[in-house]
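Everything on this sheet refers to the single structure shown next.
Derivation of every value follows stated rules applied to the coordinates shown; laboratory data play no part. All of these numbers come straight from a predicted model, not from anything done at the bench. Every residue, glycine as well, gets a Cβ built from its backbone with ideal geometry; the counts of neighbours run over all protein chains shown.
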Amino acid sequence: RAAISVPKGFCRNFCHRHQLFINFQDLGWHKWVIAPKGFMANYCHGECPFSMTTYLNSSNYAFMQALMHMADPKVPKAVCVPTKLSPISMLYQDSDKNVILRHYEDMVVDECGC
Amino acid sequence: PWGQTSEFQDSDLLQFLGLEKAPSPHRFQPVPRVLRKIIRAREAAAASGASQDLCYVKELGVRGNLLQLLPDQGFFLNTQKPFQDGSCLQKVLYFNLSAIKEKAKLTMAQLTLDLGPRSYYNLRPELVVALSVVQDRGVWGRSHPKVGRLLFLRSVPGPQGQLQFNLQGALKDWSSNRLKNLDLHLEILVKEDRYSRVTVQPENPCDRLLRSLHASLLVVTLNPKHCHPSSRKR
């Protein structure tokens, strides 16, 4: 692991979590959703190179896929995906004017990996 | 560009929220303080990164992953000749229960009667609130409903503030019969001897109650598919 040299400035291209605030007003959902007004959902983006798979919270499968990509470029690269998600609660009004508070699983990206 | 894709987003929203019809884009119903408190606490916990058990409603002390506030869609009775035999008002409270899914486990059903804002001047007259099950609703707006079992009889010091009633037992009966609505008969009576003092007030409290009375049913349900008690406890 210590032998791997990382090119300067390349780190920002590796797979990691990026901030993404979802504003319900932008989507027109504010007409139904009472609260929250929006939430920090985040997203995953970045490269999953074979040389870094051990560092990027990678699955064994991502390691194998990255290895295969090196051997055969027709095999797609390993991809950067959410590895830990958390729920949020939403308060909204339905068509019968019932006010509903419920939680929705897997709405916020906490961690990313390959 | 957002406006151009709104049709697509609306249908996706329905599917996402688990709704059959598009929500009304009109004005929101009044949201009880407790629901706002819950959502604020959860937002704060999420912002701080604290882990949350969203299948337990700490503010209400019950397990549940879905809270539904059902508005009363009922009607007043005898509005033409009120105040006979101490009767202040009578109302049929009607709640559409179709939003409650059959597979969900009911953990709380709380009826809230809001009699009006609290003030020093509304301390009298003392009232009696009687809540019964409606056995037979009759024809809407034409005939009187047949009143059945008495659920609650409670004295209250005046026509103000909020009253809460636990309807979990009553609602379990209805849900086991798979009925899609709950009809209750509400009667508010003025206690004797005190009614005469009411007349010195600038406005008859029964008239005011007719305008200010607001009822809602808060239902909390738990879907076992989304909440696993053993793993959550661990």
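Run the quick spin-label model on B:Asn181 and B:Leu153: label points 7 Å from Cα toward the beta carbon, then report their separation in nm to one decimal.
2.8 nm
Would you mind ranking B:His214, A:His69 by Cβ crowding within 10 Å, fewest neighbours first?
If I rank by nearby Cβ atoms, fewest first, I get B:His214, A:His69.
Please list, or write none, the lysines whose alpha carbon is within less than 28 Å of the alpha carbon of B:Lys172, excluding same-chain residues fewer than 8 places away.
Qualifying lysines at Cα under 28 Å: A:Lys97, B:Lys21, B:Lys37, B:Lys58, B:Lys91, B:Lys101, B:Lys103, B:Lys105, B:Lys146, B:Lys180, B:Lys225, B:Lys233.
Within 10 Å of each residue's Cβ, count the other Cβ atoms and sort B:Lys58, A:Lys31 from fewest upward.
So the residues, fewest neighbours to most, are B:Lys58, A:Lys31.
Run the numbers for B:Arg33 and B:Lys103: contour at 0.36 nm per residue of separation, minus the present Cα-Cα distance, in nm.
Between B:Arg33 and B:Lys103, full extension yields an extra 22.4 nm.
Using amide H atoms built 1.01 Å from N in the peptide plane, name the residues 5+ places from B:Leu89, or on other chains, whose amide H lies under 5 Å from its own.
It is B:Ile188, by chain and number.
From a point 7 Å beyond the Cα of B:Lys21 in the direction of its Cβ, which residues of the range B:86-113 have a backbone N at a distance under 14 Å?
Residues passing the 14 Å test: B:96-99.
Only counting other Cβ atoms within 10 Å, I'd like A:Thr83, B:Thr221 sorted with the fewest neighbours first.
Values: A:Thr83 18, B:Thr221 23.
With the sparsest Cβ surroundings first, the list reads A:Thr83, B:Thr221.
Using only DSSP helix segments of four residues or longer, with each worth -39500 (n - 2.57), what per-residue ellipticity at 222 nm results for chain A after dividing by its residue count and rounding to 500?
Calculated mean residue ellipticity at 222 nm is -4000 deg cm²/dmol.
Within the range A:83-114, which residues have the backbone N less than 13 Å from the label spot 7 Å out from A:Met40 along Cα→beta-carbon, could you tell me?
In the range A:83-114, the label zone of A:Met40 (backbone N under 13 Å from the point 7 Å along Cα→Cβ) covers A:108-111.
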